[in-house]
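K.L.:
Before I ask anything, here is the structure I am working with.
The values are calculated or read from the model by the stated rules, or taken from the named source; none is laboratory data. This is a predicted model, so every value here is computed, not measured. Cβ: placed from backbone, ideal geometry, glycine included. Neighbour counts: every protein chain shown. Side chains are part of the model used for accessible areas, which takes the heavy atoms of the whole protein and leaves out ligands, DNA and RNA. Shrake-Rupley method; radii C 1.70, N 1.55, O 1.52, S 1.80 Å.
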Protein chains: 2
Amino acid sequence: MPVFTAPTKDQQFILHDVLDISSTDIPGYSDLDRDFTAAILGEAGRIAEEVLAPLNKVGDEEGCTLENGVVRVPTGFKDAYDTICEGGWVAMDAPEEYGGQNMPQIIHTSAMEPMVSANMAFNMYPGLSHGAMNAILAAGSEDQKQKYIPKMVTGEWSGTMNLTEPHCGTDLGLIRTKAVPQDDGTYKISGQKIWISAGEHEMTDNIIHLVLAKVPGGPDGVKGISLFIVPKFLVNDDGSLGARNGVSCGGLEKKMGIHGNATCVINHDESTGYLVGELHKGMRGMFVMMNEARLGVGLQGYAQGEVAYQNALAWAKDRIQGRAVTGVEEPEKAADTIMVHPDVRRNLMHQKSFTEGARMLTYWGAMMIDRAHRNQDKEADDLISLMTPVIKGFLTDMGFETTVLAQQTLGGSGFTREWGLEQFVRDARITMIYEGTNGVQSLDLVGRKLPMNGGKTIMGFFDLVKTFIKENEDHADLKSGYLDPLKQASKDLQAAGMYFMAEGMKNPNNALAGSYDFMHLFGHVAVGLMWAKMAKAAYAALENGASDTEFYETKLATGRYYMARHLPATSMHLSRIQSGGDTVMALDAANF
Amino acid sequence: MPVFTAPTKDQQFILHDVLDISSTDIPGYSDLDRDFTAAILGEAGRIAEEVLAPLNKVGDEEGCTLENGVVRVPTGFKDAYDTICEGGWVAMDAPEEYGGQNMPQIIHTSAMEPMVSANMAFNMYPGLSHGAMNAILAAGSEDQKQKYIPKMVTGEWSGTMNLTEPHCGTDLGLIRTKAVPQDDGTYKISGQKIWISAGEHEMTDNIIHLVLAKVPGGPDGVKGISLFIVPKFLVNDDGSLGARNGVSCGGLEKKMGIHGNATCVINHDESTGYLVGELHKGMRGMFVMMNEARLGVGLQGYAQGEVAYQNALAWAKDRIQGRAVTGVEEPEKAADTIMVHPDVRRNLMHQKSFTEGARMLTYWGAMMIDRAHRNQDKEADDLISLMTPVIKGFLTDMGFETTVLAQQTLGGSGFTREWGLEQFVRDARITMIYEGTNGVQSLDLVGRKLPMNGGKTIMGFFDLVKTFIKENEDHADLKSGYLDPLKQASKDLQAAGMYFMAEGMKNPNNALAGSYDFMHLFGHVAVGLMWAKMAKAAYAALENGASDTEFYETKLATGRYYMARHLPATSMHLSRIQSGGDTVMALDAANF
């Protein structure tokens, strides 16, 4: 069975050595000292290792089944779900008034990580509840919040998001699901929704569907979409459950991965729905929760990379095959472990340096969200809006690639089910697709986020990089190993931005043909900056006489690999971007 | 169900417009005119489309089953296998004296391609026979050839390669399977072999296993390995089948993809084996067939890319979602097709320009093999030896990436089983692993092939590039679109070679840490050269008044994309290579 150990020490390093969270001015952060986060991350890690990881393969092999409208989840999932609920892990960031603990986003995010590594398909059940809860918190009425949120926080009820329809995914303006107003203020909803994760199951007493639908007579396109609460069981005023609603699972999707999660066709046959927020303005509530949801998907990407890496490493340390080119290392054995081979090392370092950098970027992003919400910091809010498509798109692309590299480390065994690597590949693959495909992320980045505030926000990011370099370039090792390559990569990013400004004005295809490369270019610079921050902290720890020198030296060596071997991708992306849209758009559609 | 159309026109373009095969001096090529290859490729394409493609999903979903030692293949496979045999497709390149048609490698390769695209798992059954047959042809005695080859050529008997054991894959020196000489000149073979593709089934009357084993008392390591023929049923002198041999299927591997192919544990319990070639020199026969086998795996890589691309394209032309950024294109519809979006175009062009370039490289490689064998051309033999790890490693990495990109084109539908894209991804994944992992290919390239003939062979490749550029640079469009980027990429490749020479001497890790990037760098330059050759042919056709101008214009536009958008990867690979081995090897194994 695959191994997994929660990366608690690496997490603590980021939270305290690098971000020094308990010293910031973000409300709620002052309590987050080392002992506090150690307790939380330790327990989250324990559940991940002991409860969730052992169910990952079970979930993959059993999958979910549908019989007479009833969805059965894999063996052990219900018990694990109860464990998660009992520990209060579903939504500890929810407001205290609805039963939550008002934990900062950074705590929710870091606690979630090992659970996602251990069992991504399982974690989507509480994950989807969390998303649905956030939509209600963002756009619902006080009555709705009081009625639904507390039971979603405890996990007694779960939640889903009903967006996609067979003919419409990205372009939600095409939605056909209809919501017809009734005399009592409710709506009758009719239509079919597909790919509804955690859409139906019996682990909870009720399921609260958040449904996008169109009320007849409203504006065309996305401006005519409204958001509804559609509970599986209607909820009486006293909170007890009433009649079964006209919402049902019409089928389970057969898919490449995340078999443990029920991906449902959800049919609404005049189901009763309750309007959330304003009529025709349902997209607003969606957008509010999107930064956080997409950050969560980015986390899924690298978290699958993390567990895959751990298994690749375990294999590489154990497998003996061939001899070191620089001379036999273990003469008493028939062969050396494959750790001696430079190409195996390259592969492992590629994985390791990415996942650690990605973690840092994600936690930093979570802190920006906290700063935005808790300090009402507009700049932080804009910055995380800018970075959200990068975090989602780049971390999931690279996270998937990491699982593929890890699988490759095992050779033939990586292709077999037995070792579990191929499941990580299959599970990670979805992260590049859902919550907006990565192509859509790149469009959001270049089309919407770059021009934000007249370009001030992206300039703000460049300033972050420049300032960090300037403030630290008197540290010779930090400069040569980190700041110099970061400066070069950042120049590539700026040049790409300049290209878009100059050429995108003439022809928007010139910018959009480069959007995907820009997302990756940006991702590398962002992770490069994060590694520079981690290196600074590691050097500081060593210079301050930290006892665990090996940990910090390892951190520095890992970061140097990232700067030397990952970052050169920026020049490739810039070249592609600067080649413009002509080669991309040259063919008539008919000539493909 | 996924679509597939054999790319006959593109194949013909390469064989005739570019390589002009019937005009070369290679024995047997003068017969290969347009009509001849049209007939062969047309029929191969028809079988691929009508017989094999419809079974691809069946094979994936049913897989193979083992019951009481009997392996059952998926529904329809036996009939399809009979069709392949009746048409003489198993080994038309076999010598006429053993029932083959003595067809050149380039014909076998190009005819095989659509079948591999249509159903890779199925095609491995005749494919493995072909490999086993080649090993006997290369190293067997005349008696052995007469006894086994004719029935393998007809497909009445199939073949396998028994190399891997649980503890040894790449490092075959560790083999434990024992072959004990008997008084009658045969050997009793005992041991367990794993991952034996097409290892057991009932589609053929007999299965001829080619088995690597050690005869006690021989040299240690690979120098003590011998090669044996171990038939499932012993073969009497009159060619009739005798007793069941002590070789059996001990289990079927559960794996990520190629479910339609039986991947077997093969147990040898004192099975009777016949020595092939010299005692202790079994690796020779293996190496002779390796160039061709690895070329075949490279083909599998891009062939899966090809079918995946076709399905991505079909989706993109049909799916409507969003509007063109440059203005609505189909106002009569609720949305434009996604073909209007630059990022969808980029994705499709990335796929298309790779698979077409990869096909050209593969056919060019097949021609080198023919030249080597049929003209006893040592230079061609060396050149294809040099290029073999590039063709295998680069085309399978990029072929897999192509299937992932194609899957992405479909968004959520790409993740579902229904559309079949996810199967192409899972099937293509194995090509990066078997027949020597791509990491091992890169070691072969840098450690063994680069230094070949004191560097003369790689210099010969550079000369090919230089000469082609020089001879054609008076064609202004060819120069700007193709030759200039090729020159730049080739410079990167040369710089990488120089780095290895200078730094690899000091520390071999400096070269080996860059081997994987070198393989990709080389692959891009090679495919770049191939695109330049195709462009030259396309320009020539247009200048000579070819009627099908759209075809040639499309070819040129596709090639320009490759040069503008794929080739910039060379600078990234060079940077990584030149960063050396230090960051790769910095950590102690214990500190990972």
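K.L.:
How high is the relative contact order of chain B, given as a whole-number percent (alpha carbon pairs under 8 Å, six or more residues apart)? Don't jump to the answer; show the numbers that get you there.
P.N.:
Numbers: 1097 pairs, mean separation 75.1, N = 592.
For chain B, the relative contact order is 13 percent.
K.L.:
What is the distance in Å between the Cα centres of region B:466-480 and region A:283-349?
P.N.:
44 Å
K.L.:
List the pairs from A:LYS188/A:LYS214; B:LYS214/B:LYS281; A:LYS333/B:LYS178; B:LYS147/B:LYS188; A:LYS223/B:LYS317; B:LYS78/B:LYS232 whose alpha-carbon separation is above 22 Å, in the order I gave them. Mind showing how you got there, number by number?
P.N.:
Values: A:LYS188/A:LYS214 11 Å; B:LYS214/B:LYS281 10 Å; A:LYS333/B:LYS178 20 Å; B:LYS147/B:LYS188 20 Å; A:LYS223/B:LYS317 27 Å; B:LYS78/B:LYS232 18 Å.
Going by Cα-Cα distance, A:LYS223/B:LYS317 fall outside the 22 Å limit.
K.L.:
Something else: Which FRET efficiency value, to the nearest 0.05, is calculated for A:ASN544 and B:GLU43 with the Förster distance at 56 angstrom and r the Cβ-Cβ distance?
P.N.:
FRET efficiency, A:ASN544 to B:GLU43: 0.15.
K.L.:
Taking the Kirkwood radius as the inverse of the mean 1/r across Cα pairs, report the Rg/Rh of the protein assembly as shown.
P.N.:
Result for the protein assembly as shown is an Rg/Rh of 0.97.
K.L.:
May I have the pair-distance distribution P(r) for chain A, computed from all Cα-Cα distances with 20 Å bins from 0 and rounded to whole percent?
P.N.:
Cα pair-distance distribution for chain A, in percent: 20, 54, 25, 2, 0.
K.L.:
Return the carbon/sulfur percentage of the accessible area of chain B, one whole number, probe 1.4 Å, all protein chains in place.
P.N.:
Answer for chain B is 50 percent, counting heavy atoms of protein chains only.
K.L.:
Still on this structure, I have one more. Using +1 at the C-beta of Lys and Arg and -1 at the C-beta of Asp and Glu, which of B:HIS520, B:PRO451, B:VAL465 has the Cα lying farthest in the positive direction of the dipole of region B:440-586?
P.N.:
B:PRO451
K.L.:
At a 10 angstrom cut-off on C-beta neighbours, averaged per residue, how do the peptides B:444-453, A:434-443 rank from highest to lowest?
P.N.:
Result, highest mean Cβ count within 10 Å first: A:434-443, B:444-453.
K.L.:
Shielding of B:441-447 by partners, i.e. mean partner chain Cβ atoms within 10 Å per residue? Write out the running numbers ahead of the final one.
P.N.:
Numbers: counts 1, 3, 5, 0, 0, 2, 1.
Per residue, the average neighbour count from other chains is 2.
K.L.:
Rounded to the nearest 10 degrees, what's the angle between the helix B:34-47 long axis and the longest principal axis of chain B, both from Cα atoms, 0 to 90?
P.N.:
With rounding to tens, the tilt is 70 degrees.
K.L.:
On to the next question. Between region B:558-592 and region B:1-69, what is the C-alpha centre distance in whole Å?
P.N.:
Distance between centres, Cα-based: 35 Å.
K.L.:
What is the antiparallel percent of DSSP beta bridges lying wholly in chain A, to the nearest 5?
P.N.:
80 percent
K.L.:
To two decimal places, what compactness ratio does region B:440-586 give when its Cα radius of gyration is scaled by 2.2 N^0.38 Å?
P.N.:
In units of the globular-protein estimate, region B:440-586 measures up at 1.17.
K.L.:
For region A:440-586, what relative contact order do you get, as a whole percent, if you take Cα pairs closer than 8 Å and at least 6 residues apart?
P.N.:
Worked out over region A:440-586, it gives 33 percent.
K.L.:
Between region B:398-459 and region B:169-247, what is the separation of their alpha carbon centroids in Å?
P.N.:
30 Å
K.L.:
Nearest 100 Å² is fine: what is the total accessible surface buried where chains B and A meet, probe 1.4 Å?
P.N.:
The B and A chains share an interface burying roughly 7700 Å².
K.L.:
If packing is taken as the average count of other Cβ atoms within 10 Å, what order do B:457-463, A:355-361, B:45-51 fall into, highest mean first?
P.N.:
Result, highest mean first: A:355-361, B:45-51, B:457-463.
K.L.:
Under a plain spin-label model, where a point goes 7 Å from the Cα along Cα-to-Cβ, how far apart in nm are B:LYS223 and A:GLU270?
P.N.:
A separation of 8.7 nm, rounded to one decimal place.
K.L.:
Using DSSP, restrict attention to beta bridges with both residues in the protein assembly as shown and report what percent are antiparallel, rounded to the nearest 5.
P.N.:
Antiparallel bridges: around 80 percent, rounded to the nearest 5.
K.L.:
For peptide B:313-319, compute the average count of partner chain beta-carbon atoms within 10 Å of each residue's beta-carbon.
P.N.:
Shielding by partners across B:313-319 averages 2.
K.L.:
Which value, in Å², gives the accessible area per residue of the protein assembly as shown when a 1.4 Å probe is used on the protein heavy atoms?
P.N.:
For the protein assembly as shown, the per-residue accessible area is 34 Å².
K.L.:
Roughly how big is region A:440-586's charge dipole about its Cα centre, with Cβ charges of +1 (Lys, Arg) and -1 (Asp, Glu), in debye to the nearest 20?
P.N.:
Numbers: 15 positive and 15 negative charges, 84 e Å.
Charge dipole of region A:440-586: 400 debye, to the nearest 20.
K.L.:
So, R0 is 30 Å and r is the distance between the beta-carbons of B:VAL325 and A:ALA590; what FRET efficiency does that work out to, to 0.05?
P.N.:
Details: r = 20 Å, r/R0 = 0.68.
Computed FRET efficiency for B:VAL325 and A:ALA590: 0.90.
K.L.:
Still on this structure: With charges set only on the Cβ (+1 for Lys and Arg, -1 for Asp and Glu), what does the dipole of the protein assembly as shown come to about its Cα centre, in debye to the nearest 20?
P.N.:
The calculated dipole for the protein assembly as shown is roughly 1400 debye.
K.L.:
What residue among B:ASN509, B:ASN544, B:GLY481 has its Cα farthest toward the positive end of the dipole of region B:470-550, where the charges are +1 on Lys, Arg and -1 on Asp, Glu, each on the Cβ?
P.N.:
B:ASN509
K.L.:
Which one, B:HIS259, B:GLY357, B:GLN321, is farthest towards the positive end of the dipole of the protein assembly as shown when Lys and Arg carry +1 and Asp and Glu -1 on their Cβ?
P.N.:
After comparing all options, I get B:GLY357.
K.L.:
A further question on this structure: If you place +1 on the Cβ of every Lys and Arg, -1 on the Cβ of every Asp and Glu, and leave all else neutral, what size is the dipole of chain B about its Cα centre, to the nearest 20 Debye?
P.N.:
Taking the Cα centre of chain B as origin, the dipole is about 1560 debye.
K.L.:
Against the longest principal axis of chain B, how steep is helix B:120-139, in degrees 0 to 90 to the nearest 10, with axes from Cα atoms?
P.N.:
Once rounded, one gets 60 degrees.
K.L.:
Would you mind giving the mean number of other chain beta-carbons within 10 Å of the Cβ of each residue in A:576-582, as a whole number?
P.N.:
The per-residue average across the peptide is 4.
K.L.:
Give a quick list of chymotrypsin sites (Phe, Trp or Tyr not before Pro) in region B:372-419 that DSSP marks as loop, anything other than H, G, I, E or B, with at most 16 other Cβ atoms within 10 Å.
P.N.:
Taking region B:372-419 and a limit of 16 other Cβ atoms within 10 Å, no loop chymotrypsin sites (Phe, Trp or Tyr not before Pro) are found.
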